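The values are calculated or read from the model by the stated rules, or taken from the named source; none is laboratory data. Everything numeric in this text was worked out from a predicted model, so none of it was measured. Reconstructed Cβ throughout: ideal geometry from the backbone, glycine too, with neighbour counts over all protein chains shown.
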Amino acid sequence: MSPITVDVSQNGQVSTSNSIFEIGDEDFSRLSEKPKPINTERKRSFDEKSFSELSITMSPRPFYRNSENSSRVFEPVDSIYSSGGRSGFDTPRSENGFEPHPIVAEAWEALRRSIVYFRKQPVGTIAALDHSEEKLNYDQVFVRDFVPSALAFLMNGEPDIVKNFLIKALRLQSWEKKVDLFKLGEGVMPASFKVHHDPIRNTETLVADFGEAAIGRVAPVDSGFWWIILLRAYTKSTGDSSLADMPECQRGIRLILSICLSEGFDTFPTLLCADGCCMIDRRMGIHGYPIEIQALFFMALRCALQLLKPEGEGKEFIEKVVERLHALSFHMRNYYWLDLKQLNCIYRYKTEEYSHTAVNKFNVMPDSLPDWVFDFMPTKGGYFIGNQAPLMIVKLLPLGVLLWLLTAACIKSGRPQIAKKAIELAESRLLKDGWPEYYDGKTGRYIGKQARKHQTWSIAGYLVAKMMLEDPSHVGMVSLEEDKQMCPRVKRSASWTC
């Protein structure tokens, strides 16, 4: 099957149309002219005063701030995208006296080496710089993998690469997508893309993968959600809503939502996911309703609610999003929480119950509970179930987050010391171990058996976590204020403390 490609005229001529799909690659700067400012005022939980009350001493911030609207004012960078580019984090010591950890400069240098260019414009970062083995698809720009890289660049005052990526991914979404003879939904975002160089014609072409090259030939469920979340992060960071307000971006958001909000056979507000369609590229037995996708779905819906314009079709989608958010919040809080009391109820479940009076609503088989769960479950507190599907509960999720997400959660919950310890542990291992993709073992003592080294999202994730801890206001890019309307009025176990 031939790959889906996108080609643009090499001379980069600009059409008279306002469509971003007809703007030449060397004319991206036009999009940033006269940006429309948005309200970037932070609420109490994200202002400088509230973070100063945390029980950890934060280092001075490496950025300056505008006293009027708290928008970030960045210092100019001579060569912002060259591998030798300098920033407040890749210099031995920044002007305000902040002394970074020695591996920070190494991380920034590695991240810059991973940048991918298309027509001399930076459009993303490759998944890994591991030259020890066959590259496979690690030389591509993955939508999900680029998110921590994008956040690192945004926090460091380099938004152009993020804007270029968002536009390129949106352009790829607009192309027809087929796997064999079957056409995919119009709103599907690519899992990844790469730049194909033709030395004979001296041209560059983007080649996208929508699942036709993936293990199991599974289309990505999460790419569209990450794109929406990153678009909101870009808008929040730069204060420029002109990109998100463009008709093409508004249409892209609606197309993604139209797929996941469509009414069909499913009786749950959660998303049914095929095995291998999210976060991982190996088939790992997650078929069902994995919590990571439901959480991503929830976050994308909340971000879309902030980005969608209420005019025209946007109004209808806003109403659908609000309705789904209420149902999804209720469902997750009720059916994904597992503590000792609920575990004992499941242990005594009867199966094949019928009617609205059924206690075992999802026909979970008690025998599907592994023996270790009973000893593992604490007497106080509990866990969210990692995946829920009819007949069985697959696994628990004690701590399934990446370093930068863990840091954001710790800061938002007022427990930054946990993140600080995690970052210190990462600093003692990551560079020495070659920035591996993951670790094996219960305590993470071993480098993953199939883990690629020099993994870009490991590098970027560390940098983002580090910058969040030093300037907690960055958390606002990936965190939303609590929506009291999303909290359903239901009775919970005494162990629920969220």
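Here are the numbers:
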{"item": "Single condition Asn387 does not satisfy, out of (1) within 21 Å of Ser262 (Cα to Cα); (2) in contact with a Gly (Cβ under 7 Å, 6 or more places away or on another chain)", "result": "(1)"}
{"item": "Selection status of Leu172, farther than 30 Å from Phe330 by Cβ and in the same structural domain as Phe297 (by TED's automatic domain parsing)", "result": "yes"}
{"item": "Pair list, Cβ < 7 Å and 6+ apart or interchain, from the range 232-253 residues that are on the phi > 0 side of the Ramachandran plot to residues that are outside any helix (DSSP H, G or I)", "result": "Gly239/Pro37; Gly239/Ile38; Gly239/Thr40; Gly239/Ser71"}
{"item": "Yes/no for Asp139 being under 30 Å from Ala408 (Cβ atoms) and either buried (at least 17 other Cβ atoms within 10 Å of the Cβ) or of a type in the set (Lys, Arg) (or both)", "result": "no"}
{"item": "Of all residues in the range 426-460 being small (Gly, Ala, Ser) and outside any loop (DSSP other than H, G, I, E, B), the one that is surrounded by the fewest Cβ atoms within 10 Å (Cβ to Cβ)", "result": "Ser428"}
{"item": "Residue ID - nearest to Val195 (Cα to Cα), chosen from residues in the range 79-123 that are of a type in the set (Lys, Arg) and modelled with pLDDT of 50 or more", "result": "Arg119"}
{"item": "Residue under evaluation Phe362, criteria (1) surrounded by fewer than 12 Cβ atoms within 10 Å (Cβ to Cβ); (2) in a loop (DSSP other than H, G, I, E, B); (3) within 34 Å of the chain's Cα centre (by Cα), criterion not met", "result": "(1)"}
{"item": "Check on Ser174, under 27 Å from Gly276 (Cβ atoms), among the hydroxyl-bearing types (Ser, Thr, Tyr) and buried (at least 23 other Cβ atoms within 10 Å of the Cβ)", "result": "no"}
{"item": "Qualifying residue in the range 332-348 (condition: closer than 30 Å to Glu212 by Cβ and touching a residue at least 60 places away in the same chain (Cβ under 8 Å))", "result": "no"}
{"item": "Search result, residues across the range 196-225 that are buried (at least 22 other Cβ atoms within 10 Å of the Cβ) and assigned to a helix (DSSP H, G or I)", "result": "Ser223, Gly224, Phe225"}
{"item": "Residue in the range 159-205 that is farthest from Pro148 (Cα to Cα), counting only those that are in contact with an Asp or Glu (Cβ under 8 Å, 6 or more places away or on another chain) and hydrophobic (A, V, I, L, M, F, W, C)", "result": "Val179"}
